[in-house]
Amino acid sequence: QMAFPNSAAAQEGTRKFAQTIRHIELTWGEDLRVDPLSNEFAVVAASWSEIQVDTAGHSVTETGYFTGLAEYRERRWQFRDAHWSSPVSSH
């Protein structure tokens, strides 16, 4: 299931989420992989862990795996496509 099925939903969801968060700390795993496809493209993959602290001071830790297609354009690397996966809760 997609969290944001379209750009309008992504903008609104991001805006609402930003109002509830005090602090986010993202840590990449030691398993970071960068696989070059060409001079302009590379696939990036890594596990991640994130601590989120909301405005009420509650802390949540999430983990998952990130994959993305990076593109070299305008003299810098930029993500063209990105996917964040995390385990589905069993309850």
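Structure notes:
- Pairs with Cβ under 8 Å, 6+ apart, first in the range 21-34 and without any contact (Cβ under 8 Å) to a residue 12 or more places away in the chain, second open to solvent by 100 Å² or more (accessible area, probe 1.4 Å) and assigned to a strand (DSSP E or B): none
- Gly13, sole failed condition from (1) over 24 Å from Ala70 (Cα atoms); (2) loosely packed, with under 12 Cβ neighbours inside 10 Å: (2)
- Among the residues of the range 1-22, those identified as assigned to a loop (DSSP other than H, G, I, E, B) and out of contact with any helix residue (DSSP H, G or I) (no Cβ under 8 Å at 6 or more places or on another chain) are Gln1, Met2, Pro5, Asn6, Gln19, Thr20.
- Answer from Glu30, Glu50, Glu12 - the residue that is in contact with an Asp or Glu (Cβ under 6 Å, 6 or more places away or on another chain) and acidic (Asp, Glu): Glu50
The values are calculated or read from the model by the stated rules, or taken from the named source; none is laboratory data. Please read all numbers here as calculations on a predicted model, not as lab measurements. Note: ideal-geometry Cβ built from the backbone for every residue, glycine included; neighbour counts use all protein chains shown. The accessibility values were calculated without ligands, DNA or RNA, using every heavy atom of the protein model including side chains. Shrake-Rupley method; radii C 1.70, N 1.55, O 1.52, S 1.80 Å.
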